[in-house]
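The values are calculated or read from the model by the stated rules, or taken from the named source; none is laboratory data. Just so you know, these numbers come straight off a predicted model, no measurement behind them. When we count neighbours, we look across all protein chains shown, and the Cβ atoms used for this are built from the backbone with ideal geometry, even at glycine.
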């Protein structure tokens, strides 16, 4: 859409010519929506025709490293910069390689949800979160001076810092913390007419917080408030929150999706349309939120990913379903072992029937396109878990220091198993009181189980715990 409606006939010529390209892309999207999840993950919108006609037969999406796009003449330049024709213009704004990733993520997150979706890819998971929440925290011309948002307190440490420091302390926007997100009544007690959005992370990092996704969406929508949902640890292979009414999903692509550990990235996927009472002059704000962010705030703020990172993410996405099945089964076995270990007093994993949030997670976390024979999708609960070591914090540190093949790092979602102690790493900046509220004691070890044989991971944990 152009801000200036006055364009010459030369510009209109490019607009008319672009309609064919747009129609072809819409037809490709419709065709891929009829495919199964794995087929979408392997092919995305990169077609054989495009490979043969435009890219010398390359069967993998090309890597475009150019910083900018050239135009045929002034008319095409004008049409492109007014967003009247498809364009990428400049890699801070967009990039052809990044487009392939955005189309694929939109298709996977929207898979069999009943909703159309749009996607924006960013340089990191945190930039995806910033891009998702900031447009709702603007002063409305005729709105109240005060505003708030409601969030689970059980979050990744960087998200907590962003909300507690960047939003509350620096900008004076109130964040109302929900301590028990599985309790819909607590959410009800926090939301009011000045709430701009609600925010949930599930399964949460480091332990396994969860909520009734549909009930939360229904509640928020009764206030005309959107739900923003961090589904990083689930990925679209295990849960697609948009199917249950969520408006915007964010991912750290760095984690489970790009499990090879070679790239950082984030993604924002929105349903069409989102629920919101926020007024905005651009109709895309409500009708296609991710596109709105890409055209305006993203363009101006510049959190663009490297095309290299987009290509790494694309390649890791191709086997997402089978990979999440594997690491989930591995994590289940490790959690069951730890549950019986005498030096462990608590295991937090949604896949354990004894875990208090298992029933609600079982309702939502299912391996896409799986079957148990009668046709029910198989439950899988992801690769992230935590366990708490008996005794003082020094015991957890000693066990942690004794791992032989489990890497000690703040990373997660790798194909290699990785562990950390959140109280002294990812969540250290929260402070003791906030960690207490989020239930992150210093005895807690976060473990992300990878693709190794689970018996070898179990042996490594056992020998480490026996050093205490």
### Query
So which pairs qualify, if the first residue must be in region 348-374 and free of Cβ contacts under 8 Å to residues at least 40 places away in the same chain, the second must be surrounded by fewer than 19 Cβ atoms within 10 Å (Cβ to Cβ), the Cβ gap must be under 6 Å, and the two must be at least 6 apart or on different chains?
372/378
#### Entry: All positions within region 52-77 that are part of a helix (DSSP H, G or I) and modelled with pLDDT of 95 or more
52, 74, 75, 76, 77
### Task
Just give me the residues in region 70-81 being surrounded by fewer than 18 Cβ atoms within 10 Å (Cβ to Cβ) and either touching a helix residue (DSSP H, G or I) at 6+ places or on another chain (Cβ under 8 Å) or closer than 23 Å to residue 267 by Cα (or both), in sequence order.
71, 73, 74
### Message
Condition first: surrounded by fewer than 20 Cβ atoms within 10 Å (Cβ to Cβ) and closer than 13 Å to residue 127 by Cα. Can you find one or more residues in region 302-310 that meet it?
### Response
yes
### Task
Go through region 311-351 residue by residue and tally those that are in contact with a helix residue (DSSP H, G or I) (Cβ under 7 Å, 6 or more places away or on another chain), crowded, with 22+ Cβ neighbours inside 10 Å and assigned to a strand (DSSP E or B).
1
## Note on the structure
The lone condition residue 119 fails out of (1) more than 30 Å from residue 203 (Cα to Cα); (2) in the same structural domain as residue 279 (by TED's automatic domain parsing); (3) in contact with a helix residue (DSSP H, G or I) (Cβ under 9 Å, 6 or more places away or on another chain) is (1)
### Task
Just give me the residues in region 1-42 being surrounded by 14 or more Cβ atoms within 10 Å (Cβ to Cβ), at pLDDT below 95 and not in a helix (DSSP H, G or I), in sequence order.
2, 7
### Task
Check every one of the helices (runs of 4 or more DSSP H) wholly within region 96-177 and list those with 2 or more residues that are under 13 Å from the mean Cα position of the chain (by Cα), in contact (Cβ under 8 Å) with a residue 60 or more places away in the chain and crowded, with 17+ Cβ neighbours inside 10 Å.
96-109, 125-133
